[in-house]
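This report concerns only the one structure given below.
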């Protein structure tokens, strides 16, 4: 094992996950909740799920005493909830809406699903405990889930057929209907752009959250890390590790300003973004392109 | 435990994940590879990861003998690879490009990341084995990962700031720059649409893959399940469970045709899709709307 644990963590970020808040309440009424993306299913019969909790967590005692936990799967509009349970606080539940589920575990409101478990087994997993739960009850709403991908919060767009796979042979009627659906077309365009864009970004050595941090810092002055955390839709730990990496690679200073190398890199990132726009909209006249942006802006206003 | 295991599986689908192909090769040269979304990180120090393998899997013996495995995290354009390793086959590696990594585990080409492990511990997890690996080597490219969400393949769109969270206070310069970026605007519009759309779809009791199956079946005639599998960008097991559920709820017949109830439901789904378009593009004139769709179609042509 001659590799850098931070680089290992960056690599792990390429496996996209949902975001959960795992909660419990012990017999004395102490409530805990931790943001975790290590959740996954294990078994259907018996119904088992698992997640991992860092051994140094002060919440472990309550999880142990309560012998139950609930996994709350966050919806796309619950970034605030994720941030709230990711950072230490005297009372993480202040102002949070919840009910009590099986074993008194707090069930958060308006999530996309929850799984209410009794602790089935706790396994030593290096610097974490692997917590295996037997699911006693669950609820699901099917709303759009919040994602965590390459150090950034993200949303999912379901892939629809039409040339997505080589075997795909969508009937003509369906193709016509899809090609006449603006939502479908936008979805498809964004898929293509993402596939095209990310390799270019990665080729200059930054992941999504690091690239965004650099661009935000290139646009701000006299910023401190706490303001930066509020500014970007990136989990706090990724802001910290991202800033550390940008500093170590000589792109920013300790004062969170860009070095000359950092300014070059930010310029390259904007070039990639602009080039991307040219690639996509290059065939449009200036007027068509402006119209398109105005359309998008008015759609956004209507949706907000 | 008085709940339906199929409903439990549907609920678990609300936790979005990446898609991996886990591979191994035993000393006799037998190679195995299985598509799995149960991967997750466990520990940074020592570096541990885990995934789960159904106990009935014929691949288990090879995983056991090889004492190593590699987790290949698929990129968004590798749906074919996911499908290939998800179904039984005499030689899953026929025509697949790979090299051999640590412990001779096959490393698939052009994935977004891979983790090469020695088997650290195998834990009994109900109907699955929980396979914990110690990571000896890894590689990552940072390309756009393939996702599995609510029974469907999907892609990720990273959330960018701008009113995404209540604390967000993006500087004016950045706001202006973002508002002038067509890619950013489309991304934002699609996020909003998704948040808006999925609850409506879920309110009629179908998840993403079931809704899509019903719509595809409403558009096709004399189809069998194998053709259906080729037609939709949905993992095979979800096509099977989706068809089963649509049959049980009386929406389709055993011959994969829509019942009267199914036709009503499909009409409601199209209504939701059309209503959604009206909500978004309602303020546009017919001509503006047609222009927009033409723009998207020409962009798509350019990107393909």
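The values are calculated or read from the model by the stated rules, or taken from the named source; none is laboratory data. Source: prediction; values computed, not measured. For neighbour counting, all protein chains shown are included, and Cβ atoms are generated from backbone atoms with ideal geometry for every residue, glycine included.
Entry remark, the stretch B:110-131: residues being within 30 Å of residue A:196 (Cβ to Cβ) and not in a strand (DSSP E or B) number 3 in total. Restricting to the stretch B:204-244, name every residue that is in a helix (DSSP H, G or I) and under 17 Å from residue A:76 (Cβ atoms). Scanning the stretch B:204-244 gives a single hit, B:208. Residue check: is residue B:59 touching a residue at least 12 places away in the same chain (Cβ under 8 Å) and assigned by TED's automatic domain parsing to the domain that holds residue B:37? Yes; evaluated as a whole, the condition is true for this residue. Kindly check whether there is at least one residue in the stretch A:69-92 that is in contact with a helix residue (DSSP H, G or I) (Cβ under 7 Å, 6 or more places away or on another chain), more than 14 Å from chain B (Cβ to nearest Cβ) and more than 22 Å from residue A:153 (Cα to Cα). For the stretch A:69-92, residues in contact with a helix residue (DSSP H, G or I) (Cβ under 7 Å, 6 or more places away or on another chain), more than 14 Å from chain B (Cβ to nearest Cβ) and more than 22 Å from residue A:153 (Cα to Cα): present. Among the residues of the stretch A:21-48, those identified as touching a helix residue (DSSP H, G or I) at 6+ places or on another chain (Cβ under 9 Å) and within 7 Å of chain B (Cβ to nearest Cβ) are A:40, A:41, A:44, A:45, A:47. Screening A:250, A:262, A:282 for residues that are outside the structural domain of residue A:78 (by TED's automatic domain parsing), surrounded by fewer than 16 Cβ atoms within 10 Å (Cβ to Cβ), touching a residue at least 12 places away in the same chain (Cβ under 8 Å) and over 24 Å from the mean Cα position of the chain (by Cα) leaves exactly one candidate, A:250.
Only one entry of B:274, B:207, B:224, B:291 meets the criterion of being buried (at least 21 other Cβ atoms within 10 Å of the Cβ) and either modelled with pLDDT under 85 or not assigned by TED's automatic domain parsing to the domain that holds residue B:81 (or both), and that entry is B:207. Of the set (1) modelled with pLDDT of 80 or more; (2) facing chain B (nearest Cβ under 7 Å), all apply to residue A:117 but (2).
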